[in-house]
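Notes for the one structure printed next.
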Amino acid sequence: MKTKLKKYLILFLTLGIIAIGLYYLNLPNRHRAIIKTTLLHKLKLVDNTWNIGYTDSSTTFISPTFVVDNIYKSMEGPQALGTFQIDPNKSELVWLNSFKISAIGINELDSLPRDYICHSNVDYYDGEHYGKWELFDRIGKYYPRLTSMSSGIEEYKFPEGFGFPIFTDENIFLSTQTLNHNLKNSTFSLKHKIDLGFLKHSSGMKPLISKSLFIALPYENEPNKIDYNSISYNSNSCLPVDTKNHVYLNHEGKSVSGHWFIPTGRRIYRSKVTHQLNLKDSTTLHFMIPHLHPFAEKLEFRDITNDSTIFTSLAKNHIDKIGLNKVSYYTSEEGYMLSPEHEYELVVYINNTSNKIQDMMASVFAFMYDKDMAIKIPNSMQTND
């Protein structure tokens, strides 16, 4: 009897392992990466800690170890995330003004190619942040992402005299994700190093507010009817990569996707972003940083009302491999005046030179002068003038 029971238990265990294995193998690449990374970190098979360093002008975050064992396209690779502070030992007003991400070896010393950087996002907690300044009408109104460092734009700095005001003990949410477009049949480990630079408070600083603007395209099919093996494209619609992520109802109540498949060859996609800007008054644009995927060549931010292009970002792709080498961004101390009376749009130009379908995202973080915040920050606060 015991022998028979033992056989049944072994059989059920074997079938369970097979079922779990089949389930895992049928998951999308992104979900497999999440499971693998979680297990490696939870079981402490690799370094699962964040190493954080503080100085008077920057905070450095070194991520846990990532194991890259597959081709990971944009938005698919191993990632790490957590809640941190600029300096939890102080409670001082500072101005975030520079951002940098780099790929490094697990010894935290060796520099690695930029090819392994997908993106690193910096979010703030809007309830905590705006609650400090009694800007309660902003809480829950926008997704509280401050910025993103991504492939092609791994380092940048705001114009002189501008920054994002934040207290050193205020919570921020940091996430960083790996990328591997080209190395097949290879397993290696790495970390990400994120540097957030800041200035101590002074009365001459001007606050910036960040708005995330992105191309969001309608899709032709209902999500449960999408056939990913039989794709048709019309002029400005899309097939979403994943109907559970980066799919939204826009302000008109229509289903749109911000992450879509692109066919081979050249394409142009455009999307109005006036509602995303949500300007209640005229203000000046001082900084704009794009986030693009490989095979994008150009992104334009346009004033539809004036039929003019405010900013053109040029994206340089690698010639001998997949990936973005350099993406240009907009920076200006003088700024460009944006009006709530005007309509605005993003236009992305794509050339898919591969022989297969690829994925695409096209967005910008638009940093504008924050008039309401400027009123809230009194010059009488302790400064370092």
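Worth a mention:
- Estimated purely from DSSP H runs of n ≥ 4, each contributing -39500 (n - 2.57), the mean residue ellipticity at 222 nm for the chain is -4500 deg cm²/dmol once divided by its residues.
- Projecting the Cα atoms of T49, P28, V273 onto the charge dipole of the chain (Cβ charges, centred on the Cα centre) puts P28 farthest toward the positive pole.
- Counting only residues at least eight positions apart within a chain, or on another chain, the lysines with an alpha carbon under 29 Å from that of K371 are K90, K100, K132, K141, K157, K200, K206, K211, K272, K280.
- Within region 241-275, backbone nitrogen closer than 20 Å to the virtual label 7 Å beyond the Cα of E343 toward Cβ: 250-257, 268-275
- Just so you know, the Cα atoms of region 318-378 work out to an Rg and Dmax of 18.0, 57 Å.
- For region 286-297, backbone phi angles converted through the Karplus equation (6.51, -1.76, 1.60; θ = phi - 60°) give residue-by-residue couplings of 10, 8, 8, 10, x, 10, 10, 10, x, 5, 6, 10 Hz, Gly and Pro being listed as x.
- Total charge dipole magnitude, the chain, about the Cα centre, Cβ charges on Lys, Arg, Asp, Glu only, Debye to nearest 20: 2020 debye
- Sorted from longest to shortest, the spans of the Cα atoms of the chain along the three principal axes equal 83, 53, 41 Å.
- Relative packing of peptides 307-320, 69-82 - highest average C-beta neighbours within 10 Å first: 69-82, 307-320
- Solvent exposure of the chain as accessible area per residue, Å², 1.4 Å probe: 50 Å²
- For a label point 7 Å along the Cα-to-beta-carbon line of S354, residues of region 282-299 with backbone N under 14 Å: 293-296
- With the simple model of a label 7 Å out from the Cα in the direction of the Cβ, D137 to N51 spans 4.7 nm.
- Axis of helix 29-42 versus longest Cα principal axis of the chain: the two differ by about 90°, to the nearest ten degrees.
- For region 23-115, carbon and sulfur atoms together expose 54% of the accessible surface, with a 1.4 angstrom probe and every protein chain in place.
- Alpha carbon convex hull of region 244-330, projected area averaged over orientations, nm²: 7.7 nm²
- Database remark: amide H of D359 closer than 5 angstrom to the amide H of I262 (H placed geometrically; neighbours at sequence offset of 5 or more, or on other chains; Pro and chain starts carry no H).
- Each listed q (0.14, 0.21, 0.23, 0.25 Å⁻¹) maps to a log10 I(q)/I(0) for region 55-158 from the Debye sum over equal C-alpha point scatterers, namely -0.70, -1.32, -1.45, -1.57.
- Mean separation of Cα contacts under 8 Å (6+ apart) over length of the chain, as relative contact order %: 18 percent
- Within region 108-179, chymotrypsin sites (Phe, Trp or Tyr not before Pro) in DSSP loop having at most 16 other beta-carbon neighbours inside 10 Å: Y125, W133, Y142
- Amide H contacts for S58 (H built 1.01 Å from N in the peptide plane; partners 5 or more residues away or on another chain; cut-off under 5 Å): F198.
The values are calculated or read from the model by the stated rules, or taken from the named source; none is laboratory data. Since we're looking at a predicted model, the values are computed, not measured. Please note: Cβ atoms are built from the backbone with ideal geometry, for glycine as well, and neighbour counts cover all protein chains shown. Side chains are part of the model used for accessible areas, which takes the heavy atoms of the whole protein and leaves out ligands, DNA and RNA. Shrake-Rupley method; radii C 1.70, N 1.55, O 1.52, S 1.80 Å.
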